[in-house]
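Inspection log for the structure reproduced underneath, given as structure tokens.
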Amino acid sequence: MRTLEKLSRRLFLERGFWATTLIFWSWFRGSSNAEELHTYKGTDFIGKTREGEYENFYINFWKPMRRINGQTWRLKITGLCDAPQSFTLEQFKSFTATTQSSRMKCVECWSARTQWSGFSINELEKLVRPQPEAKGVLFHCGDKYKEYLSREALNQDRVLLAHSMNGQPLSDAHGFPLRLIAPSKYGYKNPKAILEMEYVSEHQYGTWSKIGPYSPDGTILPGTDHPLEFNKEPRRISGGEITDY
Amino acid sequence: MGDNNDPYATPQHTIHLDSYSIDLFEVTNEEFAKQLPQHSFWKGAGPHPVTDITWLEAQSYCLKVGKRLPTEMEWEKAARGGDARLYPWGNKRPRKKAHSFYSGLIKRRIGLNKKDISPYGVRDMAGSVWEWTASEVEGKKITRGGLWNFHLEYEFSKTFDRNLVPSSSKFPFLGFRCAR
């Protein structure tokens with residue numbers, strides 16, 4: 001409990017810092033619109049929001065982050081692979097594309113369904129060639145978030161590295177330029193705004209699993225879901241990917 | 001069987017079953033590995049309920065030891081007794097939350113919770129892990145049970161709660177026990 005209290009204080013200070021930064025940024029840009037401050041519209045930043053278009057698909061970030069420039073962004077593949085390298089967004093367009101509808105289930109109880117397009121991690125691994133001792137991948141994200149998934153979990157059917165949503169490039173809020181979609185896992189195991197994928201030999205704790213009560217595995221458990229597009233009306237779920245609605 | 005207030009288990013009705021036997025405990029990692037040596041588990045997890053196994057693997061284990069998976073009727077009867085109780089121990093909701101605010105699953109040695117005991121002495125039917133049954137609906141297998149977990153609004157599993165799961169699925173929250 002003592003640790004959690006300390007972390008809460010730290011989080012409070014960090015968020016206070018970012019809030020102050022945003023206020024000054026908005027002022028610097030000549031904006032005095034309070035709504036813009038809260039929704040990050042009109043700023044160079046993106047962060048947690050549930051307003052406007054995001055009422056039906058909540059947005060969570062670990063920390064507010066500066067929007068990523070797709071022209072200069074590179075996905076770095078590092079760690080235990082024979083051919084570590086960087087990829088541009090353009091390069092991913094030549095990968096075999098998959099489109100799927102899947103529901104994002106957040107550990108906070110809500111969920112939302114949408115259509116994602118991207119490619120299987122197998123496409124990437126053909127090029128970077130992970131070494132046999134590489135057991136999993138540590139994702140490093142633009143909002144300083146880190147998450148780990150085993151290679152076994154990443155190579156499951158319906159796990160995608162997604163660059164598009166509903167036929168359009170991912171929005172900043174949904175994790176532009178690249179995010180992971182693992183439909184049988186809670187949302188916190190679906191890192192977004194990925195900057196680097198590091199192949200590692202041992203299990204690592206992700207940001208939330210390290211500091212809070214989030215299971216390292218993150219498999220969706222049997223229980224009750226509150227889908228946003230159905231006015232949060234409770235629905236029974238049997239665990240794993242939600243396929244019934 | 002069932003419950004009139006639960007849309008997933010309605011209607012409540014009475015059934016009569018022929019006599020049968022059901023294991024007092026869920027199958028553990030150690031027991032499972034004795035029959036299927038390729039099964040691996042974390043050090044110290046030997047007495048924990050075996051999970052991450054398909055329905056076919058569960059059934060295969062039961063057959064190897066001369067048993068079978070219980071039907072959902074048998075499972076519910078073993079958990080609920082003859083008085084339609086809500087929980088294996090009675091109708092009183094547990095006061096203490098086992099692992100409140102934790103999003104995941106905490107596995108423990110089978111039979112550790114002395115209160116989670118049915119009228120027939122069967123253990124861990126409300127907590128521990130969900131369990132495969134032999135019964136099927138709409139092409140999916142019926143699972144019964146509950147977890148040591150109270151994440152947010154997730155309620156402690158009642159004796160009539162049921163889920164439908166594709167038989168090829170493997171989950172860290174899903175194990176089994178045998179019957180005959």
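All of the numbers you see were taken from the coordinates with simple rules; none came from a lab. This is a predicted model, so every value here is computed, not measured. With ideal geometry, Cβ positions are generated from the backbone for all residues, glycine too; neighbour counts draw on all protein chains shown.
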In the stretch B:155-180, which residues have a backbone nitrogen under 15 Å from the label point lying 7 Å from residue A:243's Cα in the Cα-to-Cβ direction?
-> B:164-171
Which FRET efficiency value, to the nearest 0.05, do you get for residue B:93 and residue B:114 by plugging their Cβ-Cβ distance into 1/(1 + (r/R0)^6) with R0 = 25 Å?
-> 0.90
Mind checking which aspartates and glutamates have their Cα closer than 13 Å to the Cα of residue A:126? Skip sequence neighbours fewer than 8 apart in that chain.
-> A:82
For A:65, B:125, ascending order of other Cβ atoms within 10 Å (fewest first) is A:65, B:125
Sorted by Cβ neighbour density within 10 Å, fewest at the top, the residues A:78, A:219, B:143 = A:78, A:219, B:143
Qualifying chymotrypsin sites (Phe, Trp or Tyr not before Pro) for the stretch A:202-231 [loop in DSSP, other Cβ within 10 Å: at most 15] = A:205
What translational diffusion coefficient, in µm²/s and rounded to a whole number, does the Stokes-Einstein relation yield for the stretch A:68-237 at 10 °C and a viscosity of 1.306 mPa s, taking the hydrodynamic radius as the Kirkwood radius over Cα pairs?
-> 97 µm²/s
Could you work out, for the protein assembly as shown, what percent of all Cα-Cα pairs fall into each 10 Å distance bin, beginning at 0 Å and stopping at the bin that holds the largest distance?
-> 4, 19, 28, 24, 15, 7, 2, 0
Any idea what the relative contact order of the stretch A:129-228 is, in percent, if you count C-alpha pairs under 8 Å spaced at least 6 apart?
-> 34 percent
Which of B:161, B:83, B:52, A:44 comes first, and how do the rest follow, when ranked by fewest Cβ neighbours within 10 Å?
-> B:83, A:44, B:52, B:161
Scoring the stretch A:68-237 by relative contact order with C-alpha pairs under 8 Å, at least six apart, yields a percentage of 26 percent
Using only the Cα atoms of chain B, what do you get for the radius of gyration and for Dmax, in Å?
-> 15.4, 44
FRET efficiency, 1/(1 + (r/R0)^6) with R0 30 Å, evaluated for residue B:45 and residue B:83 via beta carbons | 0.25
Between the residues A:127, A:153, A:79, the Cα farthest towards the positive end of the dipole of the stretch A:68-237, that dipole coming from +1 and -1 charges on the beta-carbon of Lys, Arg, Asp and Glu, is from A:153
Filter the GluC sites (Glu not before Pro) in the stretch A:143-205 down to the DSSP loop ones having no more than 11 other Cβ atoms within 10 Å, then list what survives.
-> A:202
Are any of the pairs A:48/A:76; A:105/A:144; A:63/A:146; A:93/A:192; B:114/B:141; A:192/B:107 more than 20 Å apart by Cα-Cα distance, and if so, which?
-> A:48/A:76; A:105/A:144; B:114/B:141; A:192/B:107
